[in-house]
Every structure is written in C-alpha cells, then in structure tokens.
Amino acid sequence: MSMFSVVRKQMKSHPSLIPLFIFIGGGATMSMLYLARLALKNPDVSWDRTNNPEPWNKLGPNQQYKFFSVNTDYSKLKKDRPDF
C-alpha cells in the first residue's frame, strides 16, 4: 500500500483533514518557491564563477533585489560606491 493511498483513505474517513492537507501543502509550496527565488535572484549567490565571479558588482544603485522594501525607494538612489 502506497503512502498516497493511505492518505486518500484517511481523507475519505476524516473529511476534516482536507483543509489541513491544503494549508500544509500550500505552505510547503510557498516556502520552496521562496527558496528558489533566493537561490536564483539574490546577488550574494554566484552560480557561475568563471564568467561572473562577483555578481554583486554588476548591480546598479537603483536595482531592487530585496523581496520587500518598506521605506526605500530604489528608483531615487544615487551611486555612492567606487567602481572596481
């Protein structure tokens, strides 16, 4: 008997478990999507060290890389760091 058949049998006998499975599955899906976003969009992560060894240096001062910004308007920032 596989795990999915056991879960299906439990959900048929206890229908109050359906919202639990929906919310747990949704939470797991959202956490995996957020981890994938961090791995692909964060400038601190370097997947290709030969062609782009320092990806954080290619970011402009007005590019937003954070997921949520409360008080900072990235379009109005000016460059305040030296070029290397």
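The values are calculated or read from the model by the stated rules, or taken from the named source; none is laboratory data. Since the structure is predicted, the reported quantities are computational estimates derived from the model, not experimental observations. Cβ placement follows ideal geometry from the backbone for every residue including glycine, while neighbour counts extend to all protein chains displayed.
Worth pointing out:
- Just one of the listed residues (K78, K66, K41, K58) is at pLDDT below 70 and not small (G, A, S), and it is K66.
- Search result, residues across region 32-50 that are loosely packed, with under 11 Cβ neighbours inside 10 Å and of a type in the set (S, T, N, Q): T50
- Subset of region 1-31 that is surrounded by fewer than 11 Cβ atoms within 10 Å (Cβ to Cβ) and among the polar types (S, T, N, Q) - its residue that is nearest to K58 (Cα to Cα): S31
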